[in-house]
Every structure is written in structure tokens, then in C-alpha cells.
Amino acid sequence: MRTFTNLLYDICTVLGLFREGENPAHKRKSTNFEMHQKFWDQRYNAISRIIDAEGVYSQEQRRIIYARYEHFYYMMNSYPVHSTLKSEFLRSYCLRTFGVIFLVVDIYNTYRPENDSAFYYHIYNFLQKSYCPCLDHSDTESDEAAVKRYLREYLAELGFNKEDFHENGKLYALGKYTGTIRRDNGKSKSLMKQYIMSIKNEYKKDYREKKLDKDELEKLLRNIDKFYNAFYSLSVLLDIQRKTKILQSLAYYLRVLVRKGLWTHGLYGYAEQYLYDFTSLDTTPYAKKLLEMFYKFENSAEGTLARYNVSLDDKSQEYIARLKDLVFNINEKNGCDDAYLKMIISHFGQLQNEAVHVTSCYGTLAVYICLIRKNKINDVLHHYDDMERKGLFAELPSGYIRGHYRCFGQHWRLK
């Protein structure tokens, strides 16, 4: 949950959504889940108003999409992955990968060519520029240089006079500031607004002094606002890049979607159906297919995670699946007798191969269930506390096992 929480706070930070007096670091560290939920609930509509001000999707639909993001995170975390890699690394890798998939699909679905003031408009166009860094092009400019070039080209496209950017020109400060593309986007947005207001006042002064007619003034003011929209959205994109290093992936996969469209039975097709099908009450099956397809590829010879994959024998897989069912019915002895549990404990205790790293915890889980059935709760809690003290929870493999260990500690302590 901590990883997902930090992701949401990162989004609020790069969009400049922390209010004056709020302490982002303090909020991140809080263990009060209700406080986190309240904060997100207050910001979801604000995020929607930024990324989809034109209402391609309604506020209600956006909230459904956000809820599906969160649900997918839980599904991703509970998906069983047997690997020599630490679960924290796996979680970050998967979150980054699916973050690219979901963001690309949202850009692709929300973009409208006629909405040149929309948040995604310039991101969509920038990511397709030949000079934008991309996975299949190694000779492009740096991230910041590419954004500066795009903004310079856009200023020229809007028809601003070059003379206005000279030292005594009305746009000098704007051009100089654009050339820096500063890192702190909250301050960046605020400072740019100050520059914009100052520039508008200069042109309004020209209008009052009869140096501009009304049509010229209105066109200039519109174009200044358009430029601000471009600057803001691309500044956000750069901030995301600084935190995640996903710009090249975004550019590559957006180009693929623009060129080929959404293939229904591909990763992006399943993501689109899972997130944006508002006619189905339950789109979870698409999320399951998305996860299955992703891990099938990752465990193939071409996959990044394949070399770290741990192969389990059929009996181990059977026992792991059986334990998952048992945890939800610990006191149901008809579901599995003690003899069967002892077979599970013995099986995992005898394994002496690379799988031990990811299977020993399942043997421990079977021991917990045996002890709980015998009402030896204190023995379970003693072992649980010992694991927590030694920091062993961080070593647990990805999948349901992590959540169940946590639930044991909380549930039986309350008992």
C-alpha cells in the first residue's frame, strides 16, 4: 500500500495540487489510512479537472477509472510471482510498467485534435516528434532540450514576433524562463502564471494606448493562454520523467497505438477494456487477462524477469494454491485435515533447491494453520513478532502470502 500511496502523492506534487500550508512529507509518512483516503477523495476531482477539463470522460467516469487503478494495484500485488528478486523491486518494476500502459491508454483515449488547450494535447504531439527521446531512437536530444525545442517551435507557430523576446521585449522574461524548465513544478506553475499576467497587462496597456485593436489583443491573449497550457503540461511530463524515467517508453508505445490502434487482445486492449468499459458491472476479467499476458511474456525468453524466475514442481504449486483456499477457512477442518497439512509442511521442509527462497514461507503458513486449529494462538503471535522484528516480511515473495501474514498478525492479536 505504501508504494501506491507514494505514487498518488507524487501525482499531486507534479500537478501542483498541495495547498498552501500542507506538508507533503508529513502526509506521506502518516500511517492513518483514513487521512490518506480523505486527501485523495478531495484531490480526485481536481486531478480530473486538470487532465480532462473538456470532459471527454465525466467526473463520475473518472472516479470509476481511479477506483479501477487502485483495485488493479491490489490484484497486481496478490498475483503469485516466484522469483529470486526481492518483492519490493518486483512491485516497483510492475508498477512502472503498468503505469506506462495505463498512462499511454489515457492519453490515447482522451486526446482530441480540436482541443488545443487540453492537458494531453501537447503531450500527445510532443511524444510523436522525431526529436523526442524514444526507445527505438538513440540519437535524439535530451529530455529538457527536446521540450525547450517544442516550446520554441510552438511560440513561432502562434505567431509571436521574435523582437518581443529580445532583452527589452514584452516576452523576454517568458522566453528566458521557458529556457530553464525548472524542476519544482508547483513553483514553476505559480511563477509562470505571474509572468503570463504581467505580459497580458503589457499588451492590454498597448490596447489602451491604441497600439493594438481589440481583435489583435484578444488573439494575443488567447495565444498566451495556449502557450501557458503547453508549458504547464510539458513541465508536468518532465517532472514525471525525473521521478520515473518512463518518457522513452511513453513515446514508443503511444506511437505504436497511433500507428496500429488498440488491439483488443493485446496488453493495451485489455487495459482499455478494464479501465474504460462503463457498461460492464465487473471488468476484473480484463485485468486478470492483462496480468496473465504480462507475466507470460516476462517469463518467456524475451522477458526481463525470466532469468530470475523460479520454477516450481507441480506438487509445490498444488500446495500453494490449496493453502490460499485454506486461509479463508482456517477453522473448517473438513476443507483439509491435519494429515494433509503435515504433508505440506514436510514437502516444503524437504526442498533443497533454488525454490527454497520462495517456498519456505508456505511451509510456515501451514504450521500457522495447524497451531491456530489447536488454539495455540500465542505460539503463532510469538513467531509472527519474531519475523517482524527481524524484518523478514520484506523477504516474502510476491502474491497472496504477504497479505495473509499481515492479516494473521492483526486478526489474531484482536482475538
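The values are calculated or read from the model by the stated rules, or taken from the named source; none is laboratory data. Every value quoted in this text rests on a predicted model; they were computed, and no experiment measured them. Because the Cβ atoms are built from the backbone with ideal geometry, glycine has one as well, and the counts that use them run over all protein chains shown.
Of the residues screened, residue 275 is not one that is at pLDDT below 90 and either of a type in the set (A, V, I, L, M) or surrounded by fewer than 13 Cβ atoms within 10 Å (Cβ to Cβ) (or both).
Here is a yes/no grid of residues against (1) under 30 Å from residue 192 (Cβ atoms); (2) part of a helix (DSSP H, G or I); (3) basic (Lys, Arg); (4) at pLDDT below 90:
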| position | (1), (2), (3), (4) |
| --- | --- |
| 217 | yes, yes, no, no |
| 239 | yes, yes, no, yes |
| 248 | yes, yes, no, no |
| 264 | no, no, no, yes |
| 285 | no, yes, no, no |
| 301 | no, no, no, yes |
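For the range 258-272, the candidate set comprises residues that are crowded, with 18+ Cβ neighbours inside 10 Å and in contact (Cβ under 8 Å) with a residue 24 or more places away in the chain; within that set, the residue that is nearest to the chain's Cα centre (by Cα) is 271. Restricting attention to the range 6-35 and to residues that are at pLDDT 75 or above and touching a Ser or Thr at 6+ places or on another chain (Cβ under 9 Å), the residue that is surrounded by the most Cβ atoms within 10 Å (Cβ to Cβ) turns out to be 14. Screening the range 13-121 for helices (runs of 4 or more DSSP H) wholly inside it with 1 or more residues that are in contact with a helix residue (DSSP H, G or I) (Cβ under 8 Å, 6 or more places away or on another chain) and of a type in the set (Val, Ile, Thr) returns the ranges 33-51, 59-78, 87-110. Residues of the range 59-90 that are charged (D, E, K, R) and closer than 23 Å to residue 45 by Cβ: 60, 62, 63, 68, 70.
Just so you know, in the range 125-155 the residues that are assigned to a loop (DSSP other than H, G, I, E, B) and hydrophobic (A, V, I, L, M, F, W, C) include one that is surrounded by the fewest Cβ atoms within 10 Å (Cβ to Cβ), and it is 135. Among residues of the range 154-169 being of a type outside the set (A, V, I, L, M) and in contact (Cβ under 8 Å) with a residue 60 or more places away in the chain, the one that is nearest to residue 124 (Cα to Cα) is 154.
So, in the range 74-84, of the ones that are surrounded by fewer than 19 Cβ atoms within 10 Å (Cβ to Cβ) and not polar (S, T, N, Q), which residue ends up nearest to residue 274 (Cα to Cα)? Top of the filtered list is 75. Taking the stated definitions as given, is residue 73 within 20 Å of the chain's Cα centre (by Cα) and over 30 Å from residue 320 (Cα atoms)? For residue 73, the condition - within 20 Å of the chain's Cα centre (by Cα) and over 30 Å from residue 320 (Cα atoms) - is not met.
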